[in-house]
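As C-alpha cells, the structure follows; a few thoughts come after it.
The values are calculated or read from the model by the stated rules, or taken from the named source; none is laboratory data. These numbers were taken from a predicted model, which means no experiment stands behind them. Cβ placement follows ideal geometry from the backbone for every residue including glycine, while neighbour counts extend to all protein chains displayed. Ligands, DNA and RNA are excluded from the accessible area calculation, which covers all protein heavy atoms including side chains. Shrake-Rupley method; radii C 1.70, N 1.55, O 1.52, S 1.80 Å.
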Amino acid sequence: MQDYHIHMDQQDPLSSQRNAFYIPEHEGKDALYFCGNSLGLQPRGVMALLEQEVMDWRKYGVEGHFHAKNPWFSYHSIVTESLSRIVGANPSEVVAMQTLTANLHLAMVSFYRPTKDRYKIVMEAGAFPSDQYAIESQVRFHGFEPDDAIIEITPRHGEHIIHHEDIIDTIERNADSIALVMFSGVQYLSGQRFRMKDITEAVHTAGAMCGFDLAHAIGNVELQLHDWNIDFAVWCSYKYLNSGPGGIGGLFIHDRHAQNPDLPRFAGWWGHDEQTRFLMKKGFIPSHGASGWQLSNAQVFQIASLRASLDIFDGVKLEELFSKRDALTAYAEQLLLQLKEDMPHIPLEIITPKNKDERGAQLSLLFHEHGKALIDKLLADGIIVDWREPNIIRLAPTPLYNTFRDIHEFANRFGKHCIDLFGEQ
Ligand SMILES: *Cc1c(COP(=O)(O)O)cnc(C)c1O
C-alpha cells in the first residue's frame, strides 16, 4: 500500500496532461492544488490563443469580424462541438454565452412561465446563493411570494445529503402546482451528485419543466443532457473547464424546445437568424437551436481561453477522465478515513456521499471545530483547498492535473497539521 500512489501514477493514461497546465508554485515547488472545482488552472495553450485574437484585432480592426483567422462573426461556434460532447448534447442544443447567472435568468424567462395554479419551483435547500437569488427574484417578478412558491428539499434531520426518494416524493406530492424543478447537477457544498435523469423523468410525469445548474458538474461528471430529456441547463466554464476567471458561461436547450420559435425569450441581435442578422431589419427571427438565445456578439477573449482548455479535453477519453476521478477521490477518502481511525479525536466528518455514482471529484470535510485554523495552516503550507462558511473544507482532486502523489503528499501533511492543532490524542 505504501507505493500505491507510485504504481497508480505510472499506470495513469492521463499522466501527461498535467504538463498541459501551469501549476502554481509555493516556495519554489509545485503547490498542492485542489481547487479545480472553484477555479481551474491555466492551460499552457491559453496565451497563444489570446494572442491570436489580440493580434488579429491589431491587424484588422473591425475587419476581424470576417477576416480574422477565426472570424469573430461566428466565434462562439468554435467551442460548440467540444462542449456538446462534454454535456452529451447535439451541437445545435449548446451555446457558449454570457455567464451562468445571466443564462439562468434567460432560461427561466423561457421555462418558468407560472400560472395561477401551477407556479411553484422545487429546488435543493442551501443551493449556491446566486441561484437562490435568481430564483427568488424570478418568483417575485411574476407576482408570487418566495415563501409560498419555492419548495426547498432539505437533508433529513441530522444529515447532510438529500435522499433521492425525498426529491421524487416532493415532486409527486406537488405534481399539480409545480411549474419548474431546478437543481444543481453536483451540489457545490456537499459534493453530492443528483440523479439528473430520474429527477427529469419524475418532473415530466408531473407535467413541469426541469432545469439543471451544471457549475460543478460540467467537465467533472458524466452528462447525457439530450438523452436524459432535460429541458435546459446552464453552466460556467472556469471551474472544471479551466477557462479562467469570469470565463464564458453556457446554455443547453433541448432540441424539442430549441427548434420552437414561439417559445418566449428575451432576445438580442446575436440570437437572430444569421442569414438576415445584418439586414438590421425590424422583427426578431430566432436562429435555430440554443444559439437563438444569444443576446450579444461573441465574447472573443473569454471564448479563446476556453478553447485552449477544450483542446485538452478533446484529446482525452472521458471514460478515462472519470475513472481517474473516482480513483483519486477514493484514494483521498481512504487516507482521510485512515487518519480518522488513527486519531479519532480529530473533529472531522466527510459529508460527501461514499458511493461514486453520487459524487464527482470533490470531498467536503466538515470540521466540528477549528476548521478555520486548520485551513490557514494548509494554505500557509502551499496546500490549496478552500473554505466554505461555517465549517467546510472542500478538496477537489482534478483528474486532468492532479496525481496520486499529490494525494499521498496531501494526506501526510494534512495529518501533521492536524496533530499540531488537535494534539496526538
Ligand atoms: C460557481 C457557481 C455559480 C457562479 O455563478 P456566476 O454567474 O458564474 O458568477 C453559480 N451557481 C453555482 C451552483 C455555482 O457553483
Handout entry: Dipole moment magnitude, nearest 20 debye, the chain about Cα centre, only Lys, Arg, Asp, Glu C-beta charged
Key = 1180
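I need the trypsin sites (Lys or Arg not before Pro) found in region 111-189, filtered to DSSP loop residues with at most 15 other beta carbons within 10 Å of theirs.
LYS116, ARG156
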Handout entry: Cut-off 14 Å (backbone N to label point 7 Å along Cα→Cβ of PHE141), residues of region 246-283
Key = 264-268
Practice task
Search the structure for amide H atoms under 5 Å from the amide H of GLN42, placed 1.01 Å from N in the peptide plane, and list their residues when 5 or more places away or on another chain.
Solution key: TYR22
Fill in the blank from the handout: When the charge dipole of the chain is computed with +1 on Lys and Arg Cβ and -1 on Asp and Glu Cβ about the Cα centre, the Cα farthest towards its positive end, among HIS408, ILE150, GLN299, belongs to GLN299
Fill in the blank from the handout: Given the candidates GLN187, TRP269, PRO245, the one whose Cα lies deepest towards the positive end of the charge dipole of region 49-314, counting +1 at each Lys or Arg C-beta and -1 at each Asp or Glu C-beta, is TRP269
Handout entry: Loop sites in region 254-345: trypsin sites (Lys or Arg not before Pro), DSSP, at most 16 other Cβ within 10 Å
Key = LYS281, LYS282, LYS317
Handout entry: Theoretical FRET efficiency, 1/(1+(r/R0)^6), r = Cβ-Cβ of LYS197 and HIS288, R0 30 Å, to 0.05
Key = 0.70
Exercise for the section: Starting at the first residue of region 415-421, write each ³J(HN,Hα) from the Karplus equation 6.51 cos²θ - 1.76 cosθ + 1.60 with θ = phi - 60°, in whole Hz, x for Gly and Pro. Expected result: x, 4, 5, 5, 4, 3, 8
Completion exercise
Ordering 7-18, 25-36 by per-residue average of other C-beta atoms within 10 angstrom, highest first, gives 25-36, 7-18
Exercise for the section: Pop the C-beta distance of HIS345 and VAL316 into the FRET formula with R0 = 30 Å and round what comes out to the nearest 0.05. Expected result: 0.10
Completion exercise
With Cα coordinates, the longest principal axis of the chain makes an angle with the long axis of helix 46-60, in degrees rounded to 10, of 30
Fill in the blank from the handout: Relative contact order as a percentage, the chain, C-alpha pairs under 8 Å and 6+ apart, gives 23
Problem - region 224-255 and region 20-44: distance between their alpha carbon centers, rounded to Å - result: 23
Exercise for the section: Take each of the peptides 92-101, 66-75, 415-424, average the number of other beta-carbon atoms within 10 Å over its residues, and list them starting from the highest. Expected result: 92-101, 66-75, 415-424
Handout entry: J(HN,Hα) series, region 113-123, from Karplus relation 6.51 cos²θ - 1.76 cosθ + 1.60, nearest Hz, glycine and proline x
Key = 10, x, 10, 4, 9, 10, 9, 8, 10, 9, 8
Handout entry: Euclidean distance of C-alpha centroids, region 313-365 and region 293-308, integer Å
Key = 33
Problem - Residue-span extension gain [GLN275 to ARG388] - 0.36 nm each, minus C-alpha spacing - result: 35.9 nm
Exercise for the section: In Å and from the alpha-carbon atoms only, list the Rg and Dmax of the chain. Expected result: 22.6, 76
Handout entry: Amide hydrogen neighbours beyond the local backbone of ILE384, cut-off 5 Å, H modeled
Key = LEU32, TYR33, PHE34
Handout entry: Rounded percent of accessible protein surface that carbon and sulfur make up, the chain, 1.4 Å probe
Key = 52
Exercise for the section: Taking 7 Å along the Cα-to-C-beta vector as the label spot, tell me the TYR22-ARG256 distance in nanometres, rounded to one decimal. Expected result: 4.6
Problem - Within a Gaussian network of the chain (alpha carbon springs, distance under 10 Å), most fluctuating of LEU363, LEU50, LEU83 - result: LEU50
Problem - Surrounding net charge for PRO13, when Lys and Arg each add one and Asp and Glu each subtract one, Cβ distance under 15 Å - result: -1
Fill in the blank from the handout: Between PHE128 and residues 5 or more places away or on another chain, the pairs with built amide H atoms under 5 Å apart involve TYR188
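What whole-number value in Å² describes the accessible area per residue of region 49-314 for a 1.4 Å probe?
Working: 11170 Å² over 266 residues.
It amounts to 42 Å² per residue over region 49-314.
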Fill in the blank from the handout: Diffing region 221-238: the Karplus 3J(HN,Hα) column from phi (6.51, -1.76, 1.60, θ = phi - 60°), in whole Hz with x for Gly and Pro, holds 10, 4, 9, 9, 4, 5, 5, 6, 6, 5, 6, 8, 8, 10, 7, 10, 10, 8
Exercise for the section: For the chain, find the longest principal axis of its Cα atoms and tell me its angle to the long axis of helix 300-314, 0 to 90°, nearest 10. Expected result: 60
Handout entry: Acute angle (nearest 10 degrees) that the helix 100-111 long axis makes with the longest principal axis of the chain, alpha-carbon atoms
Key = 50
